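The values are calculated or read from the model by the stated rules, or taken from the named source; none is laboratory data. Computed from a predicted model, the values in this text were never measured in an experiment. Neighbour counts run over all protein chains shown; Cβ positions are idealised from the backbone, glycine included. Side chains are part of the model used for accessible areas, which takes the heavy atoms of the whole protein and leaves out ligands, DNA and RNA. Shrake-Rupley method; radii C 1.70, N 1.55, O 1.52, S 1.80 Å.
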Amino acid sequence: MQRIYLDYNATTPLRPEVRDAMMPYFTEAFGNGASIHAYGREARNAIDTAREQVAALISAKSSSEIVFTGSGTEADNHAIKGLTELEKSRGKGNHIITSSVEHHAVLHTCHYLEQRGFEVTYLPVDRYGRVCLEQLRAAIRDTTVLISIMHVNNENGTIQPLEEICEIAREHGIPLHTDAVQSVGKLDIDVQALGVNLLTLSGHKIYGPKGIGVLYIRRGTRLANLVHGGSHERNRRAGSENVPAIVGLGAAAEFAKREQGVYAAHLHNVTERLREGLDAHLSGLHYNGHPDYCAPGTLNVSFENIEGESLILRLDMEGICVSTGSACTSGSMEPSHVLAALGLPPRLAQGTVRFSLGRNTTEAEIDEVLAKLPKVIQQMRTLYRG
Ligand SMILES: *Cc1c(COP(=O)(O)O)cnc(C)c1O
């Protein structure tokens, strides 16, 4: 059976051209970027090129603002811990503002900091997951040292009002970090126009390799280090660079920039086909992404009278691979923190599935899903009612 992968927000397949770009750095071009000789220079040049490719993707002023990390998660940790611990040690304050729908890489870092003397405001969100700008303004204190709010949510695709959030942060002189892992490649990102200080992205969400991320650090933004050792990454992140992964992320960034318009249009097209098909075949559906501010490619749906985990297992048997609320919470019956923050009643949260579409998603695949899913739902509902 041909499998259908609709879980691109969890990870994307490595693009063949990206793999080809990486290959030499696993074999003959194995040098350490820190070495002075020809092997070292070869590695260093490749890293520099990748840095420029990433800088171009997000319109950074200089490639020196791009720091490679071991993952998106590490970049989130680095941004939040690195900035707030330094500011606290300088007596600037101990208050952080974030939202209740962040990825665990941000939320769990904030929980950790709360145990170490920080105070954290977790902004509530509306029923589609957007923060309220008035509530953000009201949360700001003299002691606020960082605002960290994601660009696009990984569970429901909702886009935060990032420009306005940046504006508010700038008015108050508070540094802003954004986790843009789910928006890069789908939405335009211009860090200079936005004025963000820190931005996270991840290789494996944009058809690059796993185990590589980026933290954009605007020039002049001061951070403490997370990893100590050699002078790699301009003393920002010690450890011999993962050259093949960095080259892969650079190539993926270049494709993402070049193809963004086409990619977003493709995602929009297949996502709308899925939504229209679901509406035509089924009742008792609720869409949890924002009707106006939603990144293309994500369709988060609650099915009435359905248990989401069972639905996912049934779909898996049909060769259709989707997720419940979030990959990290699957395996547990707890509704995800995002669905809880939307105020979704537990009855609906339980029956929620995230379809996330990507480059290789075809209309034929969507049609196949639409041929199978309604039957599965109807069967399950009959059983559910007993
Ligand atoms: C996947 C994801 C991350 C984590 O990135 P990794 O490279 O897998 O550590 C962080 N934030 C968001 C929004 C994500 O979707």
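Taking only protein heavy atoms and a 1.4 Å probe, the accessible area of the chain is 50% carbon and sulfur. Here the alpha carbons of the stretch 138-185 define both size measures, Rg and Dmax, at 11.6, 36 Å. Most simply put, the chain has about 55% antiparallel DSSP beta bridges, counting only bridges with both residues inside it. Annotation: the antiparallel percentage among DSSP beta bridges lying fully within the stretch 94-248 is about 30.
Can you give me the Kirkwood hydrodynamic radius for the stretch 196-240, using every pair of distinct Cα atoms, in Å to one decimal?
Computed over Cα pairs of the stretch 196-240, the Kirkwood hydrodynamic radius comes out at 11.9 Å.
Positive end of the dipole of the stretch 223-360 (Cβ unit charges, origin at the Cα centre): among 225, 305, 349, the Cα lying farthest that way belongs to 225. With a Förster radius of 35 Å applied to the beta-carbon distance between residue 286 and residue 116, the computed FRET efficiency rounds to 0.35.
Magnitude of the charge dipole for the chain, about its Cα centre and with charges confined to Cβ atoms of Lys, Arg (+1) and Asp, Glu (-1), is about 660 debye.
If I histogram all Cα-Cα distances within the stretch 120-235 using bins 10 Å wide from 0, what percent of pairs lands in each bin? Bin by bin from 0 Å, the calculated values are 12, 41, 35, 11, 1.
Ordering 121, 23, 178 by Cα displacement along the dipole of the stretch 16-256 toward the positive end leaves 121 in first place; charges were set at the Cβ atoms of Lys, Arg (+1) and Asp, Glu (-1). Based on Cα atoms of the chain, Rg over Rh with Rh as the Kirkwood radius reads 0.99.
For 59, 231, the ranking by accessible surface with the largest value first comes to 231, 59, using a 1.4 Å probe.
The rule of thumb for compact globular proteins, 2.2 N^0.38 Å, goes into the C-alpha radius of gyration of the stretch 1-115 1.43 times. Taking each DSSP H run with n ≥ 4 as -39500 (n - 2.57) and averaging over every residue of the chain yields -13000 deg cm²/dmol at 222 nm.
As a rough guide to protection, the peptides 38-51, 196-209, 97-110 ranked by mean Cβ packing within 10 Å, highest first, stand as 196-209, 97-110, 38-51. In order along the stretch 188-200, the phi-based Karplus estimate (6.51 cos²θ - 1.76 cosθ + 1.60, θ = phi - 60°) of 3J(HN,Hα) comes to 6, 10, 10, 5, 6, 5, 5, x, 6, 8, 9, 9, 9 Hz; Gly and Pro are listed as x. Of the residues 23, 317, 380, 1, ranked by 1.4 Å probe accessible area with the largest first, the sequence reads 1, 317, 23, 380. Just for the stretch 21-153, what percent of DSSP beta bridges are antiparallel, to the closest 5? Restricted to the stretch 21-153, the bridges split so that about 10 percent are antiparallel.
Residue 8 sits with roughly 10 Å² accessible to a 1.4 Å probe, with DNA, RNA and ligands left out of the calculation.
With all protein chains kept in place, the per residue accessible area of the chain amounts to 42 square angstrom at a probe of 1.4 angstrom.
Taking 0.36 nm per residue of sequence separation and removing the Cα-Cα distance, the residue 167/residue 304 pair yields an extension gain of 45.3 nm. A full extension of the chain between residue 34 and residue 367 corresponds to an added length of 114.7 nm, given 0.36 nm per residue minus the alpha carbon distance. Direction-averaged shadow area of the convex hull around the Cα atoms of the stretch 227-338, nm²? Result: 11.2 nm². In terms of accessible area, using a 1.4 Å probe and ignoring ligands and nucleic acids, 126, 188 rank largest first as 188, 126.
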